[in-house]
Structures are given as structure tokens and as C-alpha cells.
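These notes concern the structure reproduced below.
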Amino acid sequence: MAAKIRKGDRVVVLTGKDKGRQGTVQKVFPKEQRVLVEGLNMVQRHTRPTQFDPQGGIKNKEAPIHLSNVAVVDSAGKPTRVGFRVEGDKKVRFAKTNGEVITNG
């Protein structure tokens, strides 16, 4: 199955503590059906000192979000579902809200 959400897409969070916030997809985990969104779903991790990080301590980092809790943002800035259609000889993604083709970035 083709990926509806890809790396570099602009997405909005639909539920949870970051509801309504937007970010860019950094990484997609297809098997777990999760995405890593830049600056969203921040969690604190306690890290012990290492050779690379002698200080250690409490670090903030992004945690993956389930695909069902994010939606791609269309050109108008609204959340949209993603559809597929064939244009010429290429299969492209398009926004269901306005029918425009979705390009990465």
C-alpha cells in the first residue's frame, strides 16, 4: 500500500496534548504505523553520562505519534485526508478537501 504520509510532509495533530499544532514529518515507521514530527509530542528521557555526553541528565526529545492522530495539511492550512489518482503515467497523492496534488515540503 502506498504511504499517505511521507517524510517532509506538513501535518497537524488531531488529538492529544499537542492537538492543533503543526510540524514537519522527520521519520516514518510504517510497520508501527507511527510518525516522528519535529517539535511535537516531546517527552523527557533520563540519560546517564557517556563519553559523548559527559553531563548526562534529563533530555527532551520527540516521541512517535500514531498515524491516525495526524493529518496532512493542505495548501489552505486545513487538515485533509489523502487520496491517490493517476495523472499521465504517475500515481500522485491529492488532498481530498480541494483536489490539489500534494508535493513534499
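The values are calculated or read from the model by the stated rules, or taken from the named source; none is laboratory data. Since this is a predicted model, take the numbers as computed values, not measurements. Quick reminder, even Gly has a Cβ in these numbers, built from the backbone with ideal geometry, and neighbours come from all protein chains shown. The accessibility values were calculated without ligands, DNA or RNA, using every heavy atom of the protein model including side chains. Shrake-Rupley method; radii C 1.70, N 1.55, O 1.52, S 1.80 Å.
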Legend entry - Test for residue 53: is it at negative phi, of a type in the set (Asp, Glu) and open to solvent by less than 100 Å² (accessible area, probe 1.4 Å): yes
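Taking segment 35-52 as the search range and keeping residues that are part of a loop (DSSP other than H, G, I, E, B) and not hydrophobic (A, V, I, L, M, F, W, C), which one is nearest to residue 65 (Cα to Cα)?
Here the answer is 41.
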Inset, instruction - Please specify each residue of segment 81-96 satisfying the condition of being in a strand (DSSP E or B) and either of a type in the set (Val, Ile, Thr) or exposed (fewer than 13 other Cβ atoms within 10 Å of the Cβ) (or both). - result: 82, 84, 85, 86, 87, 90, 91, 92
Inset, instruction - State whether the residues of segment 59-80 include one that is modelled with pLDDT under 95, assigned to a loop (DSSP other than H, G, I, E, B) and open to solvent by 100 Å² or more (accessible area, probe 1.4 Å). - result: yes
Legend entry - Subset of segment 11-34 that is assigned to a loop (DSSP other than H, G, I, E, B) and within 16 Å of residue 80 (Cβ to Cβ) - its residue that is most open to solvent (accessible area, probe 1.4 Å): 14
Inset, instruction - Among the numbered conditions (1) open to solvent by 100 Å² or more (accessible area, probe 1.4 Å); (2) at pLDDT 95 or above; (3) not β-branched (Val, Ile, Thr), tell me where residue 1 comes up short. - result: (2)
Inset, instruction - Specify which of the listed residues (47, 103) is at pLDDT below 95, β-branched (Val, Ile, Thr) and open to solvent by 70 Å² or more (accessible area, probe 1.4 Å). - result: 103
